[in-house]
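The next block holds one structure in the form of structure tokens; read it before the comments.
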2 protein chains.
Amino acid sequence: MALGEFELIRRFFDRPGSGIGDDCALLTPQAGMQWLVSSDMLVDGRHFLSTVDPAALGHKALAVNLSDLAACGATPRAFFLALSLPYERAADARWLQGFADGLFALADAAGIRLAGGDTTAGPLNICITVMGEAPVGKALLRCGARVGDELWVSGELGDARLALEAFRGTLQLSGEAFAACRQRLERPTPRLALGEALRGIASSAIDLSDGLIGDLGHLLATSGLGATLKVDTLPNSAWLAAQTEATRRLCSLAGGDDYELLFTAAPGAQLPDVGVNLTRIGRIVEAPGLHLRDAEGHPLRFDAGGFDHFKSP
Amino acid sequence: MALGEFELIRRFFDRPGSGIGDDCALLTPQAGMQWLVSSDMLVDGRHFLSTVDPAALGHKALAVNLSDLAACGATPRAFFLALSLPYERAADARWLQGFADGLFALADAAGIRLAGGDTTAGPLNICITVMGEAPVGKALLRCGARVGDELWVSGELGDARLALEAFRGTLQLSGEAFAACRQRLERPTPRLALGEALRGIASSAIDLSDGLIGDLGHLLATSGLGATLKVDTLPNSAWLAAQTEATRRLCSLAGGDDYELLFTAAPGAQLPDVGVNLTRIGRIVEAPGLHLRDAEGHPLRFDAGGFDHFKSP
């Protein structure tokens, strides 16, 4: 039998000191800080499959939101969870416990607390709103890139898409490669320490959720500038590096679900070392648009936009 | 054809100065203020029928969240809209325009701005997170009621439930009565001015969304106290007053969707006049639990809990 709404919240989501129970959560800002807020909705069958490990789902639902805070250089403070659950899920204590475990493990690691939310019956849907803080005027924004700034990306690109293609059966991976790439797809790591360390250093930043080309397009749109992108310098894992050139480019340029940070910085800027690889992949130029270059510097055509939820995949 | 995700946001939800576009919205707190935050999720077929007027849906989705701010005495500042839309809705400009019109008409009236959000394909689901401000230490909370405090409610109770029963066919209403009660069900008025005016006056407050008995139970649970409730003094509209005693009591005590404020105040407290009727309906007592009284002061039994999303209706 499905647990009652309030019992479900008490048992799985109300932790000591959570403050859940009033109509609103009460948050006291620190002096000299601004709030950064983002809201993301994950839908069954669209952002994840209902067969996914519930702990991975709990992790990812929070991770994609924390990645937005990372992109803004914000320190995570509080999040709100709105959850629509089919009856069979609301009756499935193992699933709920797994989801809560994955969610809170990442919340604890990121230093963010669940401050409130909502639970209802309905098709599985997870909406998380995160709030973080940054000193006034220090948040990283999409605008701010200048001509001549260098374009940087954290970590490695494309493994999440490589795992997705393996799931879809369009290519085959070894067991080891599949396990590693699947981890990137299902348990992305929000680059919070990097985002905070880039305050005052990066001139603009965005997180990579829709794919490099799409997200770089969003970043450039705010400044009206363009960028050259050296496609063959894009950082890839050994698994993706072993694939065909077409697969490498598809996964690196239009992969989606990378949750790495893409940022610009003036040439010679002292970039922070927080244990995450940073790769210089291009440069901001005056000519609007995205100018792809191959290893020899020749123009390259690539036809794939970012992910759009209302276009067919 | 469905509009693209970004085109849909631009066309219907991005208004001048909205600031939509970065990974997070940036909010600067005013000195001496605390934030109050609430998140509510509305699901198709559960909280509304897909045939509802989209403008009414846009209004109600925001109204139920603003009602949480009202219950806390908060001044509305910013909200976030996460929207999951079936393809046919994303292609329906008339529906989207109606939804946006209803949403923004209430937002403008309440002085709250859309600061960000998310749009995705999926079963129709609306998750709104609202943020408001109140001076430090002045927010209304559920706890705080004292023995001897009087129990007050705003407006009239039960019309929303009366409309629902008419929709269900369990009773019949005249055309005029149905139109008036349906308005209460589909376009509730958040009691924002009253909530703000009750800062420093009410000792505790909650908004009525699940039904008077259920919500009063939540309020009492935080203090461990009880209340006497004079059932026949509950404020009703002429439409509900004309119904049988059983219908009046069901709709007033366990109606749900009233979005009136229930609050406690010390006897003799000077209550604000903001153009909303206030009715004294009972008193806080030491004996835990809810003690219903009829017109003669005799104990009354009534068997209906508040609304629980995971119990059958």
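Points to keep in mind about this one:
- One equal scatterer on each Cα of segment B:98-175, no solvent, Debye formula: the resulting log10 I(q)/I(0) at q = 0.17, 0.19 Å⁻¹ is -1.13, -1.12.
- Distance between modelled label sites at residue B:295 and residue B:172, nm, 7 Å Cα→Cβ extension: 2.7
- Segment B:1-155, dipole about Cα centre (Lys/Arg Cβ +1, Asp/Glu Cβ -1), debye to the nearest 20: 280
- Only helical runs count toward this figure. For chain B, summing -39,500 (n - 2.57) over DSSP H runs of n ≥ 4 and dividing by all residues gives -9000 deg cm²/dmol at 222 nm.
- Kirkwood Rh in Å, taken over the protein assembly as shown so that all alpha-carbon pairs contribute: 25.8
- Shielding by partners, peptide A:125-137 (average Cβ within 10 angstrom, other chains): 5
- Inter-copy spacing of residue B:224 label points, which lie 7 Å from Cα along Cα→Cβ, given in nm from shortest upward: 6.5
- Ascending distances from the residue A:291 label point to its copies in the other chains, with the point 7 Å along the Cα-to-beta-carbon line: 8.3 nm.
- Here segment B:23-82 and segment B:124-195 have alpha carbon centers that stand 14 Å from each other.
- Whole-Hz ³J(HN,Hα) from phi, Karplus 6.51 cos²θ - 1.76 cosθ + 1.60, for segment B:237-248, glycine and proline x: 6, 4, 5, 6, 4, 7, 8, 5, 4, 4, 5, 4
- The ranking of A:206, A:9, B:112, B:128 by Cβ neighbour count inside 10 Å, starting from the fewest, reads A:9, B:112, A:206, B:128.
- Shielding by partners, peptide A:40-47 (average Cβ within 10 angstrom, other chains): 5
- Assuming charge only on the beta carbon of Lys and Arg (+1) and of Asp and Glu (-1), the dipole of the protein assembly as shown about its Cα centre is about 400 debye to the nearest 20.
- Per-residue mean of C-beta atoms belonging to partner chains within 10 Å, peptide A:27-38: 6
- Choice from A:255, A:158, A:111 with maximal GNM fluctuation in chain A (Cα, 10 Å cutoff): A:111
- Protection proxy ranking, highest mean first, for peptides A:284-294, B:29-39: B:29-39, A:284-294, where packing is the per-residue count of other beta-carbon atoms within 10 Å, averaged.
- Across the identical copies, the 7 Å label point of residue B:270, projected outward along Cα→Cβ, sits 6.1 nm from its counterparts, in ascending order.
- Convex hull volume of the C-alpha atoms in chain A, normalised per residue: 142 Å³.
- Nonlocal amide H pairs with residue B:77, under 5 Å, H built at 1.01 Å: B:131, B:132, B:133
- Diagonalising the gyration tensor over the Cα atoms of segment A:104-240 and scaling each eigenvalue by 5 before taking the square root yields semi-axes of 27, 25, 15 Å, largest first.
- Using every pair of distinct Cα positions in segment A:1-152, the Kirkwood expression returns a hydrodynamic radius of 16.5 angstrom.
- Overall form of segment A:49-125 per C-alpha gyration tensor (a/c, 1.5; a/b vs b/c): prolate
- Computed magnitude of the charge dipole of segment B:116-266 (debye, nearest 20; Cβ of K, R +1, Cβ of D, E -1): 140
- Based on alpha carbons, the Rg and Dmax found for segment A:226-269 are 12.2, 35 Å.
- Whole-Å distance, taken between Cα centres, linking segment A:84-119 and segment B:244-277: 34
- In degrees, nearest ten, helix B:175-186 long axis to first principal axis of chain B (Cα): 70
Rule-based calculations on the coordinates, nothing more; no lab input. Given the structure is predicted, the values throughout are model-derived calculations rather than measurements. Neighbour counts run over all protein chains shown; Cβ positions are idealised from the backbone, glycine included.
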